[in-house]
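The next block holds one structure in the form of structure tokens; read it before the comments.
The values are calculated or read from the model by the stated rules, or taken from the named source; none is laboratory data. It should be emphasised that the depicted structure is a prediction, and the values quoted were computed from it without experimental measurement. With ideal geometry, Cβ positions are generated from the backbone for all residues, glycine too; neighbour counts draw on all protein chains shown.
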Amino acid sequence: MIQKTLKIEHADYLFTLDRDRRIIQNGSLLVEGQRIRRIGPAAELQDVAADRVIDARGKVVTPGFVNAHDHLYPQIMRGMMLDEIGPTYVEDFCSVRDAISEEEEYLGVLSCLTEHLKYGTTTILNPGDSPRLDPAFQAYEETGARVIMGRNVTDVPNKVQTRTVPTPQALAELEQVIRRYNGRCSDRVTAWVMLAYATTACSEELAVASKRLADTHGVGMTFHQSARQVHVDESLRLHGMRPVEYLEKLGVVGPNVLLGHALRVSDREIEIMARTQTRAVACPGTSLRCGYGTTAIGKLPEMLAQGVVVGLGTDSSDFGVAETMRQMYLAATLYKDAREDTRLVPAEKALEMATIDGARVLGLEKDIGSLEPGKKADIVLFDARRPEWRPILNPVNNLVYNADGRSVETVIVDGSIRIEGGRPTFIDETALSDRVQAAADALVARAGFNVPSRWPIVR
């Protein structure tokens, strides 16, 4: 079967993120079907014909960004909480979450994925707390985004009100998700083993068996870990050791294990993560919004120095825009200021965390994260004639420190154009916005939740 071809030519700068980290000035690439076939200086591809050609003069081309931890459906509840997230936050959030309808969940996921794509993120890990999987999957299909999905379930009562069932049933449900969804949408959708927590609110039996399940099916496993001090204290109380130490004791470590947040880790825990090749995802925007302490006690520079592979995540749209580029900027700047050392987390490393390292934490580095022949065609084109891009003297600095998602012009996933001219190709964005607003208003009213505001809203 003959596959359609797409050529992107004469890009001002083309970031490959290949092994040599080449940035090709006046670069071109050829896409055939879902994959990149050729890439190089424009002169080398000058005579290559294609079904469609995109003139990339004045553009910067990068791999699609990878967001390794973002709860998608809560976008329908964006802005519910004031700055001071109080002791009833979980209860308040869950009271609205429990009232959400299938349509509202679908719209929340659809809107969040649309936002991600508009701002250049092509791959997103949704960490498993969607109340229903089918409405979310419908949004995965329609947007064309690359998504890792799963279901949160546990066998121990918990404060975050994760669904609690007997251990055998929990394992059966986790496996059912893998069997039903893994590899759908021409492998754009991957199903993982997902727990809310593994060191607390989870039995030892479930944690160990869940890791075995992930190994058996050749998929990843992820859960929240050590975002707040309470998680560390609870592990010390229950197990007499810190969380990552306990995970190593159980054997719930390794290159297919991804720790969400991993903020409050000790030097000993970092050594364990490095030795076992356990991955982590940093969510600096959430830490700033929720006061988790990333600038005070975070050890991202130490993790990177020890060789721990770390990706980036936005965590939830309630805590900020669904834009991986913002997390990339924060990763590159926060520790410079906190420790008064501008050598920490260079712009190049932050860009790697948002692309090729993000792909590595998801086990997808053979397919995405860089622009190379044979890899999936997940590509972003930026309008580099916007004022924030000029002048371009060091394109890495421009991308990490100056640009943001507003300059994204075209986004391609699996060789299919999903954003063109800054607008989604798969939906009427204005109509979607109106539907989301109406659905959110109906949801909070039905849940009986009074959205707080310090300033009077006059109607």
Considering only residues that are at positive phi, at pLDDT 95 or above and surrounded by 14 or more Cβ atoms within 10 Å (Cβ to Cβ), which ones fall in region 151-185? CYS185
Residue that is surrounded by the fewest Cβ atoms within 10 Å (Cβ to Cβ) [pool: residues in region 282-339 that are in contact (Cβ under 8 Å) with a residue 60 or more places away in the chain and acidic (Asp, Glu)]: ASP318
The residue from GLN169, GLN138 that alone is under 23 Å from LEU362 (Cβ atoms), assigned to a helix (DSSP H, G or I) and without any contact (Cβ under 8 Å) to a residue 40 or more places away in the chain is GLN138
Right, LEU213: surrounded by fewer than 22 Cβ atoms within 10 Å (Cβ to Cβ), hydrophobic (A, V, I, L, M, F, W, C) and under 25 Å from ALA359 (Cβ atoms) or not? yes
Go through ILE368, ILE392 for me and flag whichever is over 28 Å from ALA280 (Cβ atoms) and either in contact with a strand residue (DSSP E or B) (Cβ under 7 Å, 6 or more places away or on another chain) or assigned to a loop (DSSP other than H, G, I, E, B) (or both). ILE392
In region 154-181, which residues are in contact with a strand residue (DSSP E or B) (Cβ under 8 Å, 6 or more places away or on another chain), closer than 21 Å to HIS69 by Cβ and not hydroxyl-bearing (Ser, Thr, Tyr)? ASN158, ARG163, LEU174, VAL177, ILE178
Can you spot a residue in region 3-10 that is of a type in the set (A, V, I, L, M, F, W, C) and in a loop (DSSP other than H, G, I, E, B)? no
Quick one: which strands (runs of 3 or more DSSP E) lie wholly within region 227-339 and hold at least 2 residues that are at pLDDT 95 or above, in the same structural domain as PHE93 (by TED's automatic domain parsing) and charged (D, E, K, R)? none
Are any of the residues in region 53-73 touching a Cys at 6+ places or on another chain (Cβ under 8 Å), assigned to a helix (DSSP H, G or I) and buried (at least 19 other Cβ atoms within 10 Å of the Cβ)? yes
Would region 21-35 turn up any residue that is touching a Ser or Thr at 6+ places or on another chain (Cβ under 8 Å), without any contact (Cβ under 8 Å) to a residue 12 or more places away in the chain, under 23 Å from SER407 (Cα atoms) and of a type in the set (D, E, K, R)? yes
When restricted to THR114, THR123, the only residue over 24 Å from LEU195 (Cα atoms), in the same structural domain as ARG180 (by TED's automatic domain parsing) and polar (S, T, N, Q) is THR114
Residues of region 427-459 satisfying the condition of being over 21 Å from ASP98 (Cβ atoms) and outside any helix (DSSP H, G or I): ILE427, ASP428, SER453, ARG454, TRP455, PRO456, ILE457, VAL458, ARG459
Got a number for residues in region 402-459 being buried (at least 19 other Cβ atoms within 10 Å of the Cβ), polar (S, T, N, Q) and either in contact with a Phe, Trp or Tyr (Cβ under 6 Å, 6 or more places away or on another chain) or at pLDDT below 95 (or both)? 1
